[in-house]
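The values are calculated or read from the model by the stated rules, or taken from the named source; none is laboratory data. Source: prediction; values computed, not measured. Neighbour counts run over all protein chains shown; Cβ positions are idealised from the backbone, glycine included. Accessible surface is based on the protein model in full, side chains and every heavy atom, while ligands, DNA and RNA are left aside. Shrake-Rupley method; radii C 1.70, N 1.55, O 1.52, S 1.80 Å.
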Amino acid sequence: MSDSKVGGFFKAVVMWLFFALFLVIGLAAMFTSFLSGLIMLLAACIFVPQVNRAIKDKVNIIVTPGARTVVALVCFGLFFYSSNEALDTSRIQRQAQEALVNQQKAEQAQKEKYEYVAANQDAILAEMNAMIAKKDYSGATALGGKYSNAGSFEIDQALSKVSAQKADADKQQRKATLLTSLSNIKQDDYKGLASTYSQLASIDQTYQANADKFSKLAEQHAQEQKAREQVASDKARRKSLGLTWNYADGEDKMSGEPVRQAYVSSINTVDFKFPYGGVQRATLTIRKHPRWGTSVYVAIEKGQFVCGYDDCDVRVRFSKGNAQRMSASEPDDHSSNLLFISNAASFIAQARRSDKVFVEADFYQEGSRVFEFDVSDLEWK
C-alpha cells in the first residue's frame, strides 16, 4: 500500500471518529435541548467524507481541515450557548413549579387552620386563659400566635391582651431586678446609680428625678476625676523635670551624723551670653547639716551672682504676697554660682505657707533675673 493510500486511510478514520463523537453528543443533547442536539448533528455532518465530496461536486468547494475546525468551533459555541439557555429556562420553570406547589401547600395549610380554629375556638381560648391564670404568658403567647390570623377575632384579641400582660410582667420583673441591684451599688458609684435609675425611669417615670440627680453627680464626679488625673499627670511631669521637691539624705563624713536636703528646680529658664550660654534652670535648696545648721541657697549651673565680699540682697516674693528684701552671701569658697539666703528659718516658714516663691538676683553682665519655684507640698522638719 502506497504512502498516499495510507495517509488517506488514516484521514478517513479520523473524520469518521469526529463524526461519531459529534453524533453521540448531538443525540444525547436532544433529551435536554432539541436545538443544541441539532447543532451538534449538523457539526457531525461536516466530518462525513461523502458529504465533503458532495459539496465539492455540487458547488466545487473543497472543505479543508481548517474550515472543518472553524465550523466545529462555531457549532461548539452555539451548542454551549443554547444548552445554557435551555438549562436556565428549565430552572426557571422548575422554580415556578416549586413556588406554585408551595403556594398551594400554604393555601391548603391556611384552609385547614381556618377550619380547625372555627371548630376549636372555644377550646383554644380556654387553654389560653388557663395559661394566663398561671401567669404562663410565654406559653399563652405561643399558643395564640399559632392560631392567630385564622379568622377568629376572639383569639386575635386574646393574643393582643396576653402580649400586653406579658410585656407588663416583664417590666415588673425587670423593675424588681433593678431595685435589687441598687442595694449592691455603692453610694459613691454615681455612674452605676445613674445607669440603674435611668433604666428604672424607662419603666416607671417616678424614678426620673433620681436618674437626673445621679446623672449630674456622675458627670460632676467624672469632671473632678479628670481634673485630679490632669493635676497628677502635670505633677508627675514636673517631678520628672525636677520642678517639684526632691529629697536626699546623706552623711557628714566628719561627724557621722545625717545630712538632709530638699531641692527644686526653677519653672522658668535663662540663657546667658557667652561664655555662660545655654538654657539652664536655677536650683533652690534647703539643707540641714549637723555642723553648719539649716541653710537655704540658690544655685545656677553657669553664670556669676553679683554679691562681692560684703553681703548683698535678693528680692523674694512668696505666692501673691509683697516682694521683700532678704540678705544673702557667697559661700566660704567664694563660688560665684551660688548664694546663701540669710534667715533660713523665716524663709522656710513662709515657704510652707506658699505654693510659689520668686527669687530675683543680680548677675554679672546680665542684670537682674527672676526665678520662679514651685514650693508646694514641702515636707521639712
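Computed values, structure above
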read-out	value
Summed residue charge, Cβ within 15 Å of Ala130's Cβ, Lys/Arg positive, Asp/Glu negative	0
Anchor Lys105: lysines whose Cα lies under 19 Å away (excluding residues fewer than 8 positions away in-chain)	Lys113, Lys146
Straight-distance crosslink candidates among lysines, where the alpha carbon sits under 16 Å from Lys239 and sequence neighbours closer than 8 are dropped	Lys356
Solvent-accessible area, 1.4 Å probe, carbon plus sulfur percent, for the stretch 166-321	50 percent
Relative contact order (%) - the stretch 108-210, alpha-carbon pairs under 8 angstrom, separation at least six	19 percent
For the stretch 183-223, the Rg and Dmax computed from alpha carbons only, in angstrom	9.6, 29
Extended-chain gain in nm, criterion 0.36 nm per residue less alpha-carbon gap, Lys186 and Ala209	6.4 nm
In Hz, Karplus ³J(HN,Hα) per residue of the stretch 246-251 (6.51, -1.76, 1.60; θ = phi - 60°; x = Gly, Pro)	10, 10, 9, 10, x, 9
Rounded accessible area of Cys307 (nearest 10 Å², 1.4 Å probe)	20 Å²
Residues of the stretch 354-381 with amide N under 19 Å of a point placed 7 Å along Cα→Cβ from Gln261	373-375, 378-381
Full-extension gain in nm, Ser233 to Ala142, via 0.36 nm per residue minus C-alpha separation	26.9 nm
Area accessible to solvent at Ile132, 1.4 Å probe radius, in Å²	30 Å²
